[in-house]
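S.K.: There's a structure below that I have some questions on.
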Amino acid sequence: DGSLARGELPRPLSVGALIERRLQRVTEPALALARVAAIAGVDFSIELAEAAIGVRAVQLASAWSELQDAQVLRGEGFAHDLVSDAVLRGVPPVVARRMHAQCAGWLSARGGEPARLARHWRLGGHPAEAALAFERAATRASQASRRHEEAELLLQSAHAYADAGQPAQRFEALAARVSALIVAKLDERALEE
């Protein structure tokens, strides 16, 4: 900030402020790529970035290199969770919602992991799709004998069905949750439900 040149010691900044200053120095294409990475989270890949931004991978090379040089990205992920958080704070909610929906659609077409798809659909403002994805995730948890996880995923599905205005499907998800709780030998919780 020029304070050393004036013979002053610089004021310490928080880590978040330092990260935000670093992000202010990157070009708009690099920032767009960082935003896609932040929204996609663990599902981020160059292929997803191509689809979300609408350009070929070769056109993303400069932005990718710039983010790696700025120590924003390392490989296909963020250099640190704090960097990801700072990027997310800079994404307007309406844009984040649309990007989550785009991620969910892209991942769904490629057989993405259902629980992560459900999260993207929910954050993307598509509760009915989120509910179905939560149900698929619950089925996978059941097949792996992870009954507690199955019950929690079914509860998330029921909430999503409620948000979608589908009371019959909500009831079915809650009934399946009770069954999962009984199988998990959580009879008192099942009785409360």
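The values are calculated or read from the model by the stated rules, or taken from the named source; none is laboratory data. Here the structure is a predicted model, which means the values were calculated and not measured. As a convention, Cβ positions derive from the backbone with ideal geometry for all residues, glycine included, and neighbour counts pool all protein chains shown. We work out accessible area using only protein heavy atoms, side chains counted, and drop any ligands, DNA or RNA first. Shrake-Rupley method; radii C 1.70, N 1.55, O 1.52, S 1.80 Å.
S.K.: Tell me, which helices (runs of 4 or more DSSP H) lie completely within segment 133-192 with 2 or more residues that are open to solvent by 60 Å² or more (accessible area, probe 1.4 Å) and touching a helix residue (DSSP H, G or I) at 6+ places or on another chain (Cβ under 6 Å)?
M.R.: Answer list for segment 133-192: 147-163, 167-183.
S.K.: Quick one: would you say Gly105 is part of a loop (DSSP other than H, G, I, E, B), closer than 30 Å to Leu154 by Cβ and without any contact (Cβ under 8 Å) to a residue 40 or more places away in the chain?
M.R.: So Gly105 does not fit the description; no.
S.K.: Do we have any residue at all in segment 108-117 that's open to solvent by 40 Å² or more (accessible area, probe 1.4 Å), in a helix (DSSP H, G or I) and farther than 30 Å from Leu23 by Cα?
M.R.: Scanning segment 108-117 turns up at least one residue that is open to solvent by 40 Å² or more (accessible area, probe 1.4 Å), in a helix (DSSP H, G or I) and farther than 30 Å from Leu23 by Cα.
S.K.: Same structure, new question: Between Ala57, Ala52, which is touching a helix residue (DSSP H, G or I) at 6+ places or on another chain (Cβ under 9 Å), without any contact (Cβ under 8 Å) to a residue 24 or more places away in the chain, open to solvent by 30 Å² or more (accessible area, probe 1.4 Å) and on the phi < 0 side of the Ramachandran plot?
M.R.: Checking each option against the conditions leaves just Ala57.
S.K.: Residues in segment 120-141: is at least one farther than 23 Å from Asp43 by Cβ and within 24 Å of the chain's Cα centre (by Cα)?
M.R.: no
S.K.: Inside segment 130-161, can you point out the residues that are over 25 Å from Glu188 (Cα atoms) and touching a His at 6+ places or on another chain (Cβ under 9 Å)?
M.R.: Ala130, Ala131, Ala133
S.K.: Could you check how many residues of segment 12-49 are farther than 28 Å from Gly125 by Cα and surrounded by fewer than 16 Cβ atoms within 10 Å (Cβ to Cβ)?
M.R.: Looking only at that region, the number is 12.
S.K.: Starting from segment 63-88, keep only residues that are open to solvent by 10 Å² or more (accessible area, probe 1.4 Å), then list their pairs with residues that are part of a strand (DSSP E or B) whose Cβ atoms are within a distance under 6 Å, requiring at least 6 positions of separation or different chains.
M.R.: Ser84/Phe78
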